[in-house]
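Report on the following structure.
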Amino acid sequence: MSEPSSFSQSLLVTAQPYIDAQVKKPFLQGLINGNLPVDCFEYWLKVDYPYLLNFIKVMAVAMSKADDPQDMRVFLHHIQSIQQEMLDHESHAARIGLPKDELLRHMPGPLKYSYMRHQLSTAHQGSVGEAQASVLACQWGYGTCCRTLLARHKLAEDNPYRAWFAFHAADEHLAGLQMSLDLLDRHAETSTPQQRRKMEDAFMVSVRHETMLWDEYFNKGDWEWH
């Protein structure tokens, strides 16, 4: 196997085993097979919509720290993309009869809350590169999982989650992903080994959250203890 060609590619190579694990999760298998219980999907909508609002805050903090107009354009692009994703969530909610205001009333589960705090605190306390690294797992992971599943399975015409795959697997997201990778590589070039390690750590904490969250979505995790 050849060595990764860049800092960002080394991150993706390190995280690939987590993608391999994610596509086997019951939630994603249910989506591709079309038999994911609607209440699981509804739960995902309710906890992911606040996450998208948090994502915008993360990008706003990162943009306030950026000195390079090129970096600012990247974060602005991400904010605009997330706004489109919020509209997609609202479309799914309408399809299953979930009122829009319900998307803002549900408390994210413990792991989702931890993920949101990780990204927001990284943006506030870390560098511009660390902020970007903390959201890369989401930007890269969803599309990669979708394309992997679609390559392995035939999506039935009557699958109720066809629109979910159509959005997350769309090629239009690849430009934003490349912008993220390029930003990380620009910052890695002028960073010390310690700074690059911080970016890697921020990314891998997010990757682990993303992997475990598919189980929280499927189990509709809450804050109750027994």
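Nothing in this text is a laboratory measurement; each read-out follows from the coordinates by a stated rule. Given the structure is predicted, the values throughout are model-derived calculations rather than measurements. Note: ideal-geometry Cβ built from the backbone for every residue, glycine included; neighbour counts use all protein chains shown.
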Under a straight-distance cross-link criterion of Cα-Cα below 20 Å, which lysines are reachable from K220, leaving out those fewer than 8 residues away in the same chain? K24, K25, K46, K100, K112
Given 122-129, 183-190, the highest-first ranking by average Cβ count within 10 Å works out to 122-129, 183-190
Using Rg and Dmax of the Cα atoms in Å as the read-out, say which of (1) 17.3, 52; (2) 15.7, 42; (3) 23.3, 78 was calculated from these coordinates. (1)
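Can you give the local net charge around Q80? Use residues other than it whose beta-carbon is closer than 13 angstrom to its beta-carbon, Lys and Arg +1, Asp and Glu -1. Spell out each step's value before the answer.
Working: positive: R73; negative: E85, E172.
Within the 13 Å Cβ shell, the charges total -1.
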Only helices at least 15 Å long along their own axis, judged from Cα atoms, and with Kyte-Doolittle mean hydropathy of 0.0 or greater: name those in the chain from DSSP H. 7-22, 38-65, 128-152, 174-189
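Only Cα pairs under 8 Å and at least 6 apart count here; give the relative contact order of segment 21-219 as a rounded whole percent. List each step's numbers first, then the result.
Values: 204 pairs, mean separation 70.6, N = 199.
The value is 35 percent.
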For segment 165-226, just say rounded, prolate or oblate: build the C-alpha gyration tensor, square-root its eigenvalues into a ≥ b ≥ c, call rounded for a/c under 1.5, and beyond that prolate if a/b exceeds b/c, oblate if not. oblate
Need the list of lysines near K65 for cross-linking: C-alpha distance under 16 angstrom, and skip anything on the same chain fewer than eight residues off. K57
What's the center-to-center distance, using Cα atoms, between segment 130-149 and segment 14-74 in Å? 7
Place the peptides 153-159, 132-138 in order of packing, highest mean first, counting for every residue the other Cβ atoms within 10 Å and averaging per peptide. 132-138, 153-159
